[in-house]
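Visitor: The structure follows.
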Amino acid sequence: MSSPDLTAVLLDAAGTLVHIEPPAPRLQALMAERFGVTLELQEASAAIHAEIVYYRGHMHEGSDPAGLADLRRRCTEVLRQALPTSAQLSGISTAALTEVLVASLQFSAYPEVVETLERLRAAGLRLVVASNWDCSLPDVLGRVGVLDHVDGVVCSAVVGAAKPDPELLRAALRKVGAEPVHALHVGDSVME
């Protein structure tokens with residue numbers, strides 16, 4: 001399976017190891033269940049889209065638990081602003097709405113991931129997840145059953161560099177003591 005010169009495989013997370021379950025229907029259901037707020041699916045989709053765009057532009061600010069909490073608070077306010085204005089919505093606390101937002105963003109591992117990771121490990125390769133993500137990435141990978149099948153995780157927010165900046169990949173290589181010439185990176189985006 002591996003070349004004698006290959007010692008490490010770096011793996012992106014989103015789109016490679018995990019995917020997000022459709023968040024808009026979850027947001028729609030949770031808003032109705034917890035707050036009695038009825039949303040059309042397109043309204044929930046538009047609000048989730050606005051939040052994701054904001055998050056992608058600011059994810060580097062979630063480098064530690066305090067930064068992540070602040071980022072999630074701001075993402076929640078972006079979500080609130082993108083939702084139709086109502087007295088019910090304005091009466092929901094930021095903390096409560098943040099809980100709903102986070103609960104709407106559920107990830108799952110692709111079905112073949114664990115078996116593939118185990119085959120790579122059995123071939124003697126060291127595996128590191130190197131992804132543009134906030135500091136919650138290890139928790140996400142743990143929840144979906146991937147964390148125990150890799151040798152390390154580095155995320156852009158903690159490293160302070162996002163792909164395509166090579167520093168994120170260098171940090172992943174340092175984690176397992178591998179040289180760039182003996183590693184490859186697997187991802188779903190040529191740019192990142």
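The values are calculated or read from the model by the stated rules, or taken from the named source; none is laboratory data. Nothing here was measured: the structure is a model prediction, and the numbers come from that model. All Cβ positions, glycine included, derive from the backbone under ideal geometry; neighbour counts span all protein chains shown. In case anyone asks, the SASA skips ligands and DNA or RNA and just uses the protein heavy atoms, side chains included. Shrake-Rupley method; radii C 1.70, N 1.55, O 1.52, S 1.80 Å.
Visitor: Being under 13 Å from residue 134 (Cβ atoms) and of a type in the set (S, T, N, Q) narrows it down to one residue among 90, 63, 108; which is it?
Guide: Working: 90 fails: under 13 Å from residue 134 (Cβ atoms); 108 fails: under 13 Å from residue 134 (Cβ atoms).
After ruling out the rest, the residue left standing is 63.
Visitor: Quick check on my filter: what residues within the stretch 73-91 are open to solvent by 30 Å² or more (accessible area, probe 1.4 Å) and not in a helix (DSSP H, G or I)?
Guide: Selection gives 84, 85, 86, 91.
Visitor: Answer yes or no as to whether residue 8 is of a type in the set (A, V, I, L, M), closer than 17 Å to residue 137 by Cα and open to solvent by less than 60 Å² (accessible area, probe 1.4 Å). So that I can check it myself, show each step before the final result.
Guide: Details: of a type in the set (A, V, I, L, M): yes; closer than 17 Å to residue 137 by Cα: no; open to solvent by less than 60 Å² (accessible area, probe 1.4 Å): yes.
No; evaluated as a whole, the condition is false for this residue.
A quick yes/no check of all residues on (1) buried (at least 21 other Cβ atoms within 10 Å of the Cβ); (2) touching a helix residue (DSSP H, G or I) at 6+ places or on another chain (Cβ under 8 Å); (3) under 25 Å from residue 59 (Cα atoms); (4) not hydrophobic (A, V, I, L, M, F, W, C):
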{"site": "93", "(1), (2), (3), (4)": "no, no, yes, yes"}
{"site": "105", "(1), (2), (3), (4)": "no, yes, yes, no"}
{"site": "111", "(1), (2), (3), (4)": "no, no, no, yes"}
{"site": "116", "(1), (2), (3), (4)": "no, no, no, yes"}
{"site": "151", "(1), (2), (3), (4)": "no, yes, yes, yes"}
{"site": "163", "(1), (2), (3), (4)": "no, yes, yes, yes"}
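Visitor: Something else: If only one of 24, 69, 29 is open to solvent by less than 30 Å² (accessible area, probe 1.4 Å) and either modelled with pLDDT of 95 or more or more than 15 Å from the chain's Cα centre (by Cα) (or both), which one is it?
Guide: 24
Visitor: Enumerate the pairs (first residue in the stretch 153-179 and within 13 Å of residue 138 (Cβ to Cβ); second residue anywhere and in a loop (DSSP other than H, G, I, E, B)) with beta-carbon separation below 6 Å, excluding pairs fewer than 6 apart on the same chain, so at least 6 apart or on different chains.
Guide: Taking only residues 6 or more apart or on different chains, the pairs are 155/133; 157/62; 157/63; 157/134; 157/135; 158/63; 158/135.
Visitor: Turning to a different aspect of this structure: For the structure I just gave you, tell me whether residue 139 is free of Cβ contacts under 8 Å to residues at least 12 places away in the same chain, open to solvent by 50 Å² or more (accessible area, probe 1.4 Å) and either closer than 23 Å to residue 111 by Cα or in a helix (DSSP H, G or I) (or both). If you could, list the steps in order and put the result at the bottom.
Guide: Details: free of Cβ contacts under 8 Å to residues at least 12 places away in the same chain: yes; open to solvent by 50 Å² or more (accessible area, probe 1.4 Å): yes; either closer than 23 Å to residue 111 by Cα or in a helix (DSSP H, G or I) (or both): yes.
So residue 139 fits the description; yes.
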